[in-house]
1. Which residue, Gly199, Gly105, Gly246, tops the fluctuation ranking in a GNM of the chain built on C-alpha contacts under 10 Å?
2. Checking understanding here: applying a Kyte-Doolittle mean of at least -0.5 and a length along the axis of at least 27 Å (C-alpha), which whole DSSP H helices in the chain pass?
3. Quick one: net charge around Pro14, please, counting Lys, Arg +1 and Asp, Glu -1 for every other residue with C-beta under 13 Å from its C-beta.
4. What is the chain by shape, rounded, prolate or oblate, if you read a ≥ b ≥ c off the alpha carbon gyration tensor as root eigenvalues and call it rounded for a/c under 1.5, prolate for a/b larger than b/c, and oblate otherwise?
5. Given a cut-off of under 8 Å on Cα pairs at least six residues apart, what relative contact order in percent is computed for the range 51-142?
6. If you take every residue apart from Val126 with its C-beta less than 15 Å away from the C-beta of Val126, what net charge results, scoring Lys and Arg +1 and Asp and Glu -1?
7. Would you mind classifying the range 124-187 by shape? Square roots of the alpha carbon gyration tensor eigenvalues, ordered a ≥ b ≥ c; an a/c under 1.5 is rounded, otherwise it is prolate if a/b is larger than b/c and oblate if not.
8. In a Gaussian network model over the chain where Cα atoms closer than 10 Å are linked, find which of Pro35, Pro151, Pro309 has the largest mean-square fluctuation.
Amino acid sequence: MAGGSEHEGSGGGPVMRGLIRESLAHLAPYAPMPPIERLAAAVGLPVERILKLDQNENPYGASLHVQETLASYDRYHLYPDPEGRAARARLAAYTGLPAERIVLGNGADELIDLIFLLTIDPGDEVIVASPTFGIYAARAPLFGARVMDVPRREDFALDLDAVVCAVTPRTKLITLVSPNNPTGNAISQEGLVRLLQLGPLVVLDEAYAEFAHRSFLPLAREFDNLIVLRTFSKWAGLAGLRVGYGIFPTELMPFLWKIKPPFNVNAAALLAIEATFDDFAWVRSTVVRIRVERGRLYRNLRKLNILQPYPSQGNYLLCRVLNGEAAALRARLAELGIMVRGYDGPLAGYVRISVGRPEDTDTLMKALLAIAGRFARQG
Ligand SMILES: *Cc1c(COP(=O)(O)O)cnc(C)c1O
């Protein structure tokens with residue numbers, strides 16, 4: 001990924017000397033996106049000139065009420081509530097599910113780790129349906145799991161029959177992202193119910209639920225093997241604070257409380273959950289604006305003959321690059337300060353573009369038009 005990381009040690013010495021776990025020796029590095037300061041420095045532009053359409057963040061920012069609440073809080077010297085009771089009460093009201101079934105995480109990412117920690121014995125299997133959010137396949141092996149990839153169909157629909165066939169006595173988790181990142185499509189209720197009836201735990205990642213036509217959270221009332229993950233990173237503009245939550249089967253709760261790091265969600269993050277719901281009308285209005293803009297961006301991109309966008313229920317559009325290389329297009333956009341997400345492997349010919357504000361769409365379209373002539377010829 002762009003920028004790389006300073007943590008990609010070659011790992012020779014400590015492995016040889018048996019200092020680290022043998023199972024980690026051959027792990028591929030996972031390189032998250034660099035921060036905006038580094039992106040800006042890499043292309044020689046000031047941070048204000050960077051249009052960040054690469055991580056599905058909310059372009060309207062954190063709510064002013066959240067910012068003011070955090071600025072005026074005077075108990076940062078005290079440890080936060082390890083149970084996050086006040087925040088969980090607000091989430092219970094929001095989700096309609098009891099607070100007793102809600103666990104907060106340092107981002108949904110941390111909850112993914114906790115689920116693996118909770119369920120995986122060495123050699124257990126975790127089903128993923130690629131292309132999808134890479135964290136599942138990247139983290140599962142750290143806990144000793146075998147990743148069973150069930151590739152999606154050509155149109156990126158889940159291959160339900162293949163998922164059913166992939167379940168074995170060692171299957172602990174079926175992980176599903178809906179709407180899927182980066183392809184934007186959602187699972188069907190019938191499909192989800194069919195997988196829930198198989199027995200293993202189903203982890204339904206609804207990071208983008210607020211942008212979607214519907215949520216499957218109500219199924220958590222019916223099925224005691226469904227875990228639903230959510231986050232404040234995308235719709236609520238709080239990616240930097242790291243706030244995620246999960247709705248878990250009641251039976252799992254005592255075990256989750258045993259393994260959760262006690263102060264995993266900090267005081268600012270807890271406060272931000274409450275303040276978000278205090279300012280819900282405004283935050284919600286940004287979600288509506290993004291959903292509207294998603295349609296406009298889609299229609300605009302369709303008019304160009306550079307990119308073929310896929311319909312999406314998230315705040316991003318996966319686009320196939322029609323003429324030429326996705327990497328070259330990303331590089332040209334980056335020179336203009338516009339960052340979009342690129343991929344290796346099967347999606348090497350695609351980019352994912354986060355939905356911004358109307359003016360961001362205009363900036364992007366202008367850049368794409370400028371690039372278009374040159375780009376078409378070189379492809
Ligand atoms: C962004 C994202 C997450 C991570 O959310 P955080 O709360 O920021 O850790 C989880 N799942 C999917 C599918 C995502 O796209």
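1. Gly199
2. Membrane-span-like by this rule: 358-378.
3. Local net charge: +1.
4. Rounded, because the longest to shortest axis ratio a/c is under 1.5.
5. Over the range 51-142, the number comes to 15 percent.
6. -2
7. oblate
8. In this elastic network of the chain, the residue with the biggest mean-square fluctuation among Pro35, Pro151, Pro309 is Pro35.
All of the numbers you see were taken from the coordinates with simple rules; none came from a lab. On a predicted model such as this, the values are computed, not experimentally measured, just so you know. Using ideal geometry, Cβ is built from the backbone for each residue, glycine included, and neighbour counts are taken over all protein chains shown.
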